[in-house]
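**Student:** Structure incoming, see below.
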Amino acid sequence: MTKLNDLLKNTGQWLKGTGANSDIVMSSRIRLARNLKKFPFTDWADKKNQRAVLEKIKKAIDKSSCFKKSLFLKLDELSNIDIQFLLERQLISRELAAKKGPRAVCISDKEVFSIMINEEDHLRLQIIQPGFDFSESWRLIDRIDDELSSNLGFAYSSKLGFLTACPTNTGTGMRASAMLHLPTLVINKRIEKILETITKLSFAARGLYGEGTEAAGNFFQISNQITLGRSETDIINDIKRIIKQVIDHERDSRIRLLKNNLLEVEDKICRAYGILKNARIISSGEAISLLSTLKLGVDLELVKSINRSLVNELFVLVQPAHLQKIEGRALTPEERDMKRAQLIRKRLK
């Protein structure tokens, strides 16, 4: 049986650095919000109803062919470090992590699919893939959605679509998002204008861990905001179009930077690489910033001794809960800074 600690052996498929435009798009994700018929929404339900929802969804998951090798975890049975570990892994949301009462997450093999139970909605189904890929992701998650629906029965209105706790999700219940690494748009100060345009077009731009988080490491998560009155195909076509435009802007910025400031770029990348390979103490903020610069060097093929997947994985492994899971004990902030530097040196050696 798969256990939580087994996830330490391999990072998720979405960190492998493969797929279309993977030098800029780290991952593509689709989430579907669903609720069961005849049950109140999670925040209106008492614990008895929340437990009933959890058990009903668990039985449907057990019948699913896509979750044969899955890991099912009840969050009220986990430590705070375990919950933070799942959050750092992008397997649960901050909302689910902060909630109390009966709630769970089910994680498929290679962390491609996950299901959050009793978050804002009864069920949040997620697929996350490496690179720029929405069409295939939608085909896969749609199949699982149909499979689960046949065993559960979702709250649905012929007029409004899928009924959700938050009106902004009503309709398809779909959130499609991509995690983009945009360091040169940040360097040349074009990012603010681009994010402003994205917002005007009814898309949201957030940080590494979703709503309310900062764009650490020059990562920006761009997603749709409107689901009502839009089909799944409409949403996917819209997000693909806007992401492609952002990719083109970042790629153009990289070309200009190499043409006009090659020596400065090489110096910045080499300094970051040198610090990461030799530091004895390093904070998570500094590590993420330097890894972002190193990733740019790898993606521009200015650093050829390491591969993209290694750098991508380090963004997750240097997080506080991961360091503590690796050590098998709670660490003070000072110990984490030391262990973080040690882990980075080892991986980059």
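Please treat every number below as a calculation from the coordinates, not as lab data. Just so it is clear, the structure is predicted and the values come from calculations on it, not from any experiment. Counting neighbours? That spans all protein chains shown, and the Cβs are built from the backbone with ideal geometry, glycine included.
**Student:** Which of the lysines could a cross-linker bridge to LYS325, judged by Cα under 20 Å and excluding same-chain residues fewer than eight apart?
**Tutor:** Straight-distance partners of LYS325: LYS3, LYS9, LYS74, LYS110, LYS339, LYS346.
**Student:** Which trypsin sites (Lys or Arg not before Pro) does segment 253-342 hold that lie in a coil by DSSP with at most 11 other beta carbons within 10 Å?
**Tutor:** Hits after loop and neighbour filter: ARG280, LYS304, ARG329.
**Student:** Please compute the contact order of the chain in relative form: average sequence separation of alpha-carbon pairs under 8 Å and at least six residues apart, divided by the residue count, as a percent.
**Tutor:** Result for the chain is 20 percent.
**Student:** Something else: How large is the dipole of segment 237-349 about the Cα centre if only Lys and Arg carry +1 and Asp and Glu carry -1, each at its Cβ, rounded to the nearest 20 debye?
**Tutor:** Its charge dipole is roughly 340 debye.
**Student:** With springs connecting C-alpha atoms under 10 Å apart, model the chain as a Gaussian network and identify which of HIS122, HIS181, HIS249 has the largest mean-square fluctuation.
**Tutor:** The residue with the greatest mean-square fluctuation here is HIS249.
**Student:** Taking other Cβ within 10 Å of each residue's Cβ, how do ARG29, ARG251, ARG230 sort, fewest first?
**Tutor:** ARG251, ARG230, ARG29
**Student:** In which sequence would GLU95, GLU334 go, from the one with the fewest C-beta neighbours within 10 Å to the one with the most?
**Tutor:** Ranking GLU95, GLU334 by Cβ neighbours within 10 Å, fewest first, gives GLU334, GLU95.
**Student:** Quick one: if you stick a label point 7 Å off each Cα along the C-beta vector at ARG143 and LYS68, how many nm between them?
**Tutor:** Using points 7 Å along Cα→Cβ, the separation is 1.3 nm.
**Student:** Roughly speaking, what is the stretch gain from ALA20 to LYS48, that is 0.36 nm per residue apart minus the C-alpha to C-alpha distance, in nm to one decimal?
**Tutor:** Difference between extended and current length: 5.5 nm.
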